[in-house]
Amino acid sequence: MTQGRSPLNAGTLIAWVTAGAIGFYLARIIADSSRFQLDDKVDPVAIAALLLSVILSVIFFRTLERQKYSDQLRKDALLERLRQVTRSLRAVEDVCRPGKAPWISVVSAVTTCRRDFETFVRFARELSFEAAEPVKLELRKQMMQLRNLLTNTPRGQTAHAALSVVANVVTYSEERRAEIDYNIREADRLLGTIEILLIRDIT
Amino acid sequence: MPDLRLSVAEEFSRTPGPRYAAEGDFSGEVFRQEVLRPKVKEAIHTKAHLLIDLDGTAGYGTSFLEEAFGGLVRMDGISAETLRAILRFKSDEEEYLVEDILSYIAEA
């Protein structure tokens, strides 16, 4: 699952060449069969070459099938991880929508979202999905910013703070809610970009 | 001298709170005053490292960590260099927190 020439293309080429070789030998045998007599000598080299071509062809086609199946599994695993990040982001949005929420609910939701994203990044690294590195970095910045917007209460006594916490309940100003919404939309956009790149990388 | 260890989840709370005690329970301010500062001072006095285990909690708000660690510099007068020399972190669940904390110490 790397960028550039897919092993599928090279394998397909080899498989077609092998099939062509088999066809050539079969054609030779059919052409010769019109002069074939029971006591004629069979060319052992030609027979061996034909058998080898058949075996190689079977091996190549089976390898190609396994590779296709393996790529599909990888894509599915990565897509599921990415969709988990999207679900976590929705949970953050739901917690913050009323503009007021228990502190622990906000912290827990934003922490889960960030952890799910980092899990996706680790999976992507292990499965050699490299196509979206700049987008992943940008999304990481968005995640950090989201956490700050949601949980970085100001130092000291600040009147009309963008966010304030009283008795373990955090309240966001209208302005802060707009910033949070924008940040979440941006994160959604970046997640969508990664998904498209992921699908393109495999197919 | 054997290194010291501090687990936030075990010695303070599994649900760290907001920045100040006035804002809610398990605040960064209380954590710094009652748990972190005494351990840091002990580590300085005994010339040991202090390993801070951040795992096992429901998560940290930015202001909790900033008040706890940035506050050591800002409120308790411990230099950033001293803290960088003695503090070690374990954060398997959220590796990025270590970098965040070091930036709060540097910018306090």
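Some values worked out for this structure:
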{"read-out": "Some residue of the range B:42-52 being open to solvent by less than 40 Å² (accessible area, probe 1.4 Å) and within 28 Å of A:Asp116 (Cβ to Cβ)", "value": "yes"}
{"read-out": "Any chance A:Thr111 is part of a helix (DSSP H, G or I), modelled with pLDDT of 95 or more and within 14 Å of another protein chain (Cβ to nearest Cβ)", "value": "yes"}
{"read-out": "Unmet requirement for B:Ala43, which otherwise passes all of (1) more than 19 Å from B:Gly59 (Cα to Cα); (2) part of a loop (DSSP other than H, G, I, E, B)", "value": "(2)"}
{"read-out": "Filtered residue count, the range A:76-108, keeping only those that are within 15 Å of A:Leu139 (Cβ to Cβ) and within 14 Å of another protein chain (Cβ to nearest Cβ)", "value": "2"}
{"read-out": "Pick from the range B:26-81, criterion farther than 18 Å from A:Trp103 by Cβ and among the small types (Gly, Ala, Ser), ranking: farthest from the other protein chains (Cβ to nearest Cβ)", "value": "B:Ala48"}
{"read-out": "Some residue of the range A:167-181 being open to solvent by 50 Å² or more (accessible area, probe 1.4 Å), facing chain B (nearest Cβ under 9 Å) and without any contact (Cβ under 8 Å) to a residue 40 or more places away in the chain", "value": "yes"}
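Okay, residues lined up against (1) under 20 Å from A:Arg81 (Cα atoms); (2) in a helix (DSSP H, G or I):
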{"site": "A:Asp116", "(1), (2)": "yes, yes"}
{"site": "A:Ala161", "(1), (2)": "no, no"}
{"site": "A:Val165", "(1), (2)": "no, no"}
{"site": "A:Tyr182", "(1), (2)": "no, yes"}
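The values are calculated or read from the model by the stated rules, or taken from the named source; none is laboratory data. Bear in mind that the values here come from a model prediction, so they are computed numbers and not experimental data. Neighbour counts run over all protein chains shown; Cβ positions are idealised from the backbone, glycine included. Only protein heavy atoms, including side chains, enter the accessible area calculation; ligands, DNA and RNA are left aside. Shrake-Rupley method; radii C 1.70, N 1.55, O 1.52, S 1.80 Å.
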